[in-house]
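Here the structure comes first, spelled out in structure tokens, and everything after it is commentary.
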Amino acid sequence: MKSSKFWNYVLYNYLRKIKSKAFIGFNIFLIIVGLLISQLGSIVKFFNETFDYSETIYIVDETNQLYSQFQKDFNNLLPEVILEQGTESEDVLNQKVEDGDISAYFIINYNEQNLLSATYVAKDFSNSSYYTIGEQVLSGYNKQIAMKSAKLTQEQVNLLNQNFSMEKISLDENAQTAEESMGNLAIAYIAIILIFLFSYLYSVYAGQEIMEEKTSRVMEIIITSISPIKQLYGKIVYNSLYALTQLTIFMVLFTISIQYMLKSLPTEVLDTVSVMISPEQAKIVIYIIIFAIVAYLVYLVSVLILSSIISSVEEYQIAISPIMVIGLVSFYIGIFGMTAPEAPFIKIMSMIPFISPYIMPLRVATMTVSTPMIWLSIALNIVVIVVILTFGARVYKNGVLNYSGDSVIKKFIQATKKS
């Protein structure tokens, strides 16, 4: 009978949360975003075609020799840009740039050494790729002119044109390629953000629920039907089920959206993405999911227990602020740790409960940590969760009906001392 009360409490609150307008509205929003992501390639193509979007650059070729070759070589590197020959004066061209008729223009001529010289004119330098590619193409022409003037043989020219090649040898058989490393870092970056949002938002929502129950005196009614300890465990269970439901919906929509999006993207983009994918990433994702669950539980349990001692909205903010600050600091350590995942500070932080769920996914993704250390980090967090639950159950039991006007710290101390 007692067990049925517990599960009735869990089921009632779980169904109440997934039937709420907030849950339904958020998932409708996710579906809309998923549809937009799935058709991203088609949407970009539609707007480009509808509004005739294209970048036009004029080439003022004062050498009267290079326009055709420059246009061909430039478009080989950047095919979406339209290059046209410009014959107007600089004042007219400047006005066209100002008016947005053209994006920029090049003036190409010879200098005193009979080498090519060029000027690039644009409204601003927000898109530096035009300048970079133009400089690259013209540098190649100057190299050819210099070799020709030096009267080198074709064999010598071929030797000079050879690209420098350096062999890469890794002593680690499981070492990642540069592309795979980039893909893993992208996974780690996204994971850290999602873990932060997942653990932060859902633990705060759960704490707010207790605050509302206490400030409206509903808590007194709930206590008459289920004991405080069972209520605490019930809140952990139904809030976890609620978060898991939301996460499952998100993952399903995300997976479907990405699959359809990839189908609508150009082949060259797909080729770039494919080289960043490796079999090891499946294991990385599994570890990330484990750390996401651990992060959620350690923050949820802490916030639920601290929320039990408050009597007002102001006290709620004070009570949970230490946990939220730890979460925020951990998030930034994880983000900035991407630049140096093997730094001693990052290694130490990746083993500290509360902080490690944000940092260990980075070390897993960069393969800078051994499997035993990963599981040790997980075990330490689980031990902390058990300790907090064991100690916090007493705090919750004694604090949930405490409506005194004492300070948050004093009420917390009182709750720990009572039997």
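Bear in mind these aren't lab numbers, they're just calculated from the coordinates by the rules spelled out. From a predicted model like this one, the values you see are computed outputs, not experimental measurements. Glycine gets a Cβ as well: all are built from the backbone with ideal geometry, and neighbour counts include every protein chain shown.
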(request) Pull up the cross-link candidates among the lysines for Lys410, meaning alpha carbon to alpha carbon under 23 Å and not fewer than 8 places away within one chain. (result) Lys214, Lys397, Lys418
(request) Any chance you could count the Lys pairs in segment 53-153 whose alpha carbons are under 23 Å apart, treating pairs 8 or more apart or on different chains as valid? (result) 4
(message) Under the rule that an exposed site lies in a DSSP loop and has at most 10 other Cβ atoms within 10 Å, name the longest stretch of the chain with no trypsin sites (Lys or Arg not before Pro) of that kind, not counting the sites themselves.
(response) 218-419
(message) Checking the a/c ratio against 1.5 first, then a/b against b/c, what shape does the Cα gyration tensor give for segment 327-374?
(response) oblate
(message) Give me the one-decimal Kirkwood hydrodynamic radius in Å for segment 53-153, with the sum taken over alpha-carbon pairs.
(response) 14.2 Å
(request) Rank these for me by crowding, Ile226, Ile210, going from fewest to most other beta carbons within 10 Å. (result) Ile226, Ile210
(request) Would you work out the charge dipole size for the chain about its Cα centre, treating the Cβ of every Lys and Arg as +1 and the Cβ of every Asp and Glu as -1, and quote it to the nearest 20 debye? (result) 3740 debye
(message) Residue by residue through segment 245-258, what is 3J(HN,Hα) from phi via Karplus (6.51 cos²θ - 1.76 cosθ + 1.60, θ = phi - 60°)? Round to whole Hz and write x for glycine and proline.
(response) 4, 5, 5, 4, 4, 4, 5, 5, 5, 5, 4, 5, 4, 5
(request) Excluding residues on the same chain fewer than 8 positions from Lys19, give the lysines whose Cα lies under 22 Å from its Cα. (result) Lys5, Lys235
(message) Give me Rg/Rg_expected for the chain, where Rg uses Cα atoms only and Rg_expected = 2.2 N^0.38 Å with N residues.
(response) 1.42
